[in-house]
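Participant: Quick one: structure below, then a few questions.
The values are calculated or read from the model by the stated rules, or taken from the named source; none is laboratory data. All values derive from a computational prediction rather than experimental measurement. Counting neighbours? That spans all protein chains shown, and the Cβs are built from the backbone with ideal geometry, glycine included. Just the protein is used for accessible areas: all its heavy atoms, side chains included, with ligands, DNA and RNA removed. Shrake-Rupley method; radii C 1.70, N 1.55, O 1.52, S 1.80 Å.
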Amino acid sequence: GRRFHANGGKGQAPNAAGGGATNEASDGQRVRKEQQQLLEELTQAEKEDGFEAARTLLERRSSTVSAGALARAHLELAERAKRASSLEQVKYHMLQALKVQPRAAQVWLDVCRTLDELGDLEQCRFLLERALECCPSTDLLALRFVRVLERLGDIEAMRQLVGGMRAEPVERTHKVLIEAVHAEVRAGNGEAARAIMQCILKRLPQQGPIYCEACRVESILGHWQAALETAEQGVQICPKYGPLWFVLLRQAEKLHGAAAVKEYAPSAIASICSELHWKIHFEVATACSRQGALPQCRQSIGRAALQCPRHLRWKVWLLAARAELWEGSADACRRLLAQARIDAPSRMQVAVCLERARTEEFLGNLKGTRVAFGEAHACEGHDWKVFLEHIFMEARQGCLQAAQSTAQCALELHPATGRLWSALVALHHSGEGGAEAALSTFKKAAQEVAKSGEVWCEGARIFMNPLGRNFNLQRANKCLEFAVHLTPQYGDSFLELFRLRFLLELRAWIRAEPLIIGLGKSAPWDQRRPAALGLVVQRICRRAASAIRCRSFPLTVQRGQDEFPQDGVDGIEGAPPVALNHLEILCSYADPNYGFLWFWCRRSSLSSPGEVMQRMAEEIRSDFLKAGALRVYVWALICQVTGADAEMAQYLWQEALTVQVEDDPFEEDDVDTEDDSPAQCRTAPRMPPVEADFAIGSMRLSSCFLHSVTSLSTSERRRLIFGSDILSS
């Protein structure tokens, strides 16, 4: 409550005002000390005699402590009750906190945050309405209310809330307005959102952060030129706002390449503080490295190294090593990595060792790679990320047993790390145990790390495997909804949702087939059932192949939940539905930055989420038409929709294999194969799909786990090995 003291010293003399400020600071320190002491007493009581003892202690002390300390104590007990899954106690203590401090906005925010985590959005909405009545001038409450209304899908109520703030000064409400603009973009009203953002810019032209938000909106909507123009306008009006210059450099490189970045760099250096000058040179070097301009890259790296703080200079050497590696200078690359190891602080030595391991793997020196990982494990402050990189390295080489052993060792030391669990699930899915072994590991992982979006994504892959016994699109949809809600920065979840859209569309086609409808209603059809279903297999395969080949495959399913009669799956509820028709925009807002499949589809670090998803569409097209996935998916969906028994499933499998979907092979321009791809990779005959081919989301990527990355092109290996790097991938 100390943040909401009234300011009543307008007419006081300077010394009186100073005394008031001193008293207020002293009161704040006293309240903080009182809160700390009370929380320590509650912790000790709970540790000795349990939660009830802590609750009794708080009731006994309630008359002797300040309102702020008492409210904070009730919120702390509510949090502990939530961890113990005692919903009744959670709501009781939150209510007591609100009774003690009904006009403290932070208390309302903490209560609403807890309700949000519990998934009770309607109750959260009710409390935010009451909160705005008690604290009408608190923008943080309005900001939270906008987000809750968007998640509830009540855009009209959100508009009424924002419209009611029309009379308020825009200087105070602009954060709420900008959040509403983003909500409109996510709802598909991009043009209206752009207009509102331009109005905000006209009213507040001196605010650099608003220009950054406007550039973000334009970029998400694909208006790259408008984003560049907005950034140019912003740096002219707010030249000292450093983040806007970096937005401008990225937009310039996206549209015009490294030359444009070099052109803007002198103006940026002349405008922003000297502490950021090395970062400008770093951006120029990165752009030149991506474009293959090594001489210009070296010049900018030299300038960045001279102006960079010593404790950050190792990052410059890593960028230089990467640039030399791309040009084939392995010796220079190794020397620069050695210098980075010398300059890096002790806690960052592990990052240099991991970079060396990636470099040696890229050069084909597996012995050197494993030596580098050994050094990384011995570094001060190494954590689960070293194990994760080691697991991925073994998997990229097709050494699944070694990767599984490393993952299991890592989980013994870091049992609560979701990314390690997800890696183990993927390895089991790709291994001899297949989807069954992966499902068993997934169940264990879901118990250990229930809030890991990566684990839920792997669960979805199990349920989307058409050759597995647990093929179930409803469960896959629910898993992916959890995945994007819990870990939106994990790109694989969005790409798997994109693949799910194709499968849901195929399922809708099958259910709408007249023969399928007739078989479900008329008993006499049973005698001709095999022939009828075989005909459905052929019709769906040919129709889908034709649409995919012409790139005219319709995606009409808007929400995965709409395709299933029940919302819950085995009692699993709570994740908000995903608007599949706005998937690209939702992905752009999440701005994913990692994922094995994500790096496979991302051509460069400049690739927008929309471009990554377009590349995923080409991967799906290749899997369906070249790798035989279309026949397998159609077979699995028809068996599921019709409830085919084992004998019928075997008959339909034979029918599916006879359907020719590759009768119009790709032309060279359509293959989209890297220029440096090995010849045997392009001409190798495709074997019939197996269960492990569907483990990672792309059949060609899944084959890397089975046969190593040696058959991939240089640029593809580069993306997989260095994709997680932030320097110049």
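Participant: Among the residues of region 466-475, are any open to solvent by less than 20 Å² (accessible area, probe 1.4 Å), in a helix (DSSP H, G or I) and closer than 28 Å to ALA644 by Cβ?
Facilitator: Checking region 466-475: at least one residue is open to solvent by less than 20 Å² (accessible area, probe 1.4 Å), in a helix (DSSP H, G or I) and closer than 28 Å to ALA644 by Cβ.
Participant: Looking at this structure, is CYS353 open to solvent by less than 10 Å² (accessible area, probe 1.4 Å), without any contact (Cβ under 8 Å) to a residue 60 or more places away in the chain, in contact with an Asp or Glu (Cβ under 6 Å, 6 or more places away or on another chain) and closer than 21 Å to LYS385 by Cα?
Facilitator: So CYS353 passes the test.
Participant: Let me ask something additional. Which members of region 368-388 meet the condition of being in contact (Cβ under 8 Å) with a residue 24 or more places away in the chain and either open to solvent by less than 40 Å² (accessible area, probe 1.4 Å) or not in a helix (DSSP H, G or I) (or both)?
Facilitator: THR369, ALA376, CYS379, GLU380, GLY381, HIS382, ASP383, VAL386, PHE387, LEU388
Participant: Name the residue that is modelled with the highest pLDDT, counting only residues in region 683-699 that are aliphatic (A, V, I, L, M) and surrounded by fewer than 16 Cβ atoms within 10 Å (Cβ to Cβ).
Facilitator: Top of the filtered list is VAL690.
Participant: A further question on this structure: Filter region 325-350 down to residues that are within 31 Å of the chain's Cα centre (by Cα) and over 20 Å from GLY374 (Cα atoms) and give me whichever is least open to solvent (accessible area, probe 1.4 Å).
Facilitator: Among them, the one singled out is LEU325.
Participant: Out of ALA357, ALA416, ALA450, ALA402, report the one residue that is aliphatic (A, V, I, L, M), farther than 30 Å from LEU657 by Cβ, modelled with pLDDT under 95 and not in a loop (DSSP other than H, G, I, E, B).
Facilitator: On the way: ALA357 fails: modelled with pLDDT under 95; ALA416 fails: not in a loop (DSSP other than H, G, I, E, B); ALA450 fails: not in a loop (DSSP other than H, G, I, E, B).
Within the list ALA357, ALA416, ALA450, ALA402, the selection yields ALA402.
Participant: For region 89-128, which positions are more than 24 Å from LEU152 (Cα to Cα), assigned to a helix (DSSP H, G or I) and not hydrophobic (A, V, I, L, M, F, W, C)?
Facilitator: Passing the criteria: GLN89, TYR92, HIS93, GLN96, LYS99.
Participant: State all residues of region 591-606 that are open to solvent by less than 30 Å² (accessible area, probe 1.4 Å) and either over 14 Å from ARG719 (Cβ atoms) or among the hydroxyl-bearing types (Ser, Thr, Tyr) (or both); if no residue qualifies, say none.
Facilitator: Those that are open to solvent by less than 30 Å² (accessible area, probe 1.4 Å) and either over 14 Å from ARG719 (Cβ atoms) or among the hydroxyl-bearing types (Ser, Thr, Tyr) (or both): PRO592, TYR594.
Participant: Moving on to the next point. Would you confirm, using the coordinates I've provided, whether GLU496 is open to solvent by less than 60 Å² (accessible area, probe 1.4 Å) and either touching a Pro at 6+ places or on another chain (Cβ under 9 Å) or at pLDDT below 90 (or both)?
Facilitator: It is false that GLU496 is open to solvent by less than 60 Å² (accessible area, probe 1.4 Å) and either touching a Pro at 6+ places or on another chain (Cβ under 9 Å) or at pLDDT below 90 (or both).
Participant: Let me ask another. Among the numbered criteria (1) out of contact with any Phe, Trp or Tyr (no Cβ under 7 Å at 6 or more places or on another chain); (2) assigned to a loop (DSSP other than H, G, I, E, B), which single criterion is violated by PRO592?
Facilitator: Condition (1) is where PRO592 drops out.
Residue by residue, here is whether (1) at pLDDT 55 or above; (2) open to solvent by less than 20 Å² (accessible area, probe 1.4 Å); (3) assigned to a loop (DSSP other than H, G, I, E, B) holds:
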position	(1), (2), (3)
TRP653	yes, no, no
LEU657	yes, no, no
ASP664	no, no, yes
THR673	no, no, yes
CYS681	no, no, no
LEU701	yes, yes, no
ILE721	yes, yes, no
ASP725	no, no, yes
SER728	no, yes, yes
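Participant: Starting from residues that are among the hydrophobic types (A, V, I, L, M, F, W, C) and open to solvent by 30 Å² or more (accessible area, probe 1.4 Å), keep the ones in region 403-420 and report whichever is farthest from ILE462 (Cα to Cα).
Facilitator: Restricting to residues being among the hydrophobic types (A, V, I, L, M, F, W, C) and open to solvent by 30 Å² or more (accessible area, probe 1.4 Å), the top hit is LEU413.
Participant: Restricting attention to region 166-196, which residues are out of contact with any Leu (no Cβ under 9 Å at 6 or more places or on another chain) and open to solvent by less than 30 Å² (accessible area, probe 1.4 Å)? Lay out the reasoning, then the answer.
Facilitator: Narrowing region 166-196 to residues out of contact with any Leu (no Cβ under 9 Å at 6 or more places or on another chain): 166-169, 172-173, 177-178, 181-182, 184, 187-189, 192, 195.
Selection gives THR173, ILE178, VAL181, HIS182, GLU184.
Participant: If you go through region 104-117 one residue at a time, how many are among the charged types (D, E, K, R) and either at pLDDT 90 or above or open to solvent by less than 30 Å² (accessible area, probe 1.4 Å) (or both)?
Facilitator: 2
Participant: Would it be correct to say that GLU184 is among the acidic types (Asp, Glu), free of Cβ contacts under 8 Å to residues at least 40 places away in the same chain and closer than 24 Å to GLN236 by Cα?
Facilitator: Details: among the acidic types (Asp, Glu): yes; free of Cβ contacts under 8 Å to residues at least 40 places away in the same chain: yes; closer than 24 Å to GLN236 by Cα: no.
No: the conditions fail for GLU184.
Participant: Specify the residue that is surrounded by the fewest Cβ atoms within 10 Å (Cβ to Cβ); the eligible residues are those in region 539-560 that are assigned to a loop (DSSP other than H, G, I, E, B) and polar (S, T, N, Q).
Facilitator: SER552
Participant: Name the single residue, out of those in region 79-94 being modelled with pLDDT of 90 or more and among the aliphatic types (A, V, I, L, M), that is surrounded by the fewest Cβ atoms within 10 Å (Cβ to Cβ).
Facilitator: VAL90
Participant: Can I ask one more? With (1) free of Cβ contacts under 8 Å to residues at least 60 places away in the same chain; (2) more than 24 Å from PRO592 (Cα to Cα) as the list, and ILE462 as the residue in question, which single condition is left unmet?
Facilitator: The single condition ILE462 does not satisfy is (2).
Participant: Give region 285-304 a look and list any residue that's buried (at least 22 other Cβ atoms within 10 Å of the Cβ) and in contact with a Phe, Trp or Tyr (Cβ under 9 Å, 6 or more places away or on another chain), or say none.
Facilitator: Selection gives SER289, SER300, ILE301, ALA304.
Participant: When ALA460 is evaluated against the numbered criteria (1) closer than 19 Å to VAL557 by Cα; (2) open to solvent by 10 Å² or more (accessible area, probe 1.4 Å); (3) at pLDDT 95 or above, which criterion, by number, is the only one it fails?
Facilitator: Answer for ALA460: the failing condition is (2).
Participant: So which residues in region 242-259 are buried (at least 20 other Cβ atoms within 10 Å of the Cβ) and more than 22 Å from PRO295 (Cα to Cα)?
Facilitator: Within region 242-259, LEU244, TRP245, VAL247, LEU248, GLN251 meet the criteria.
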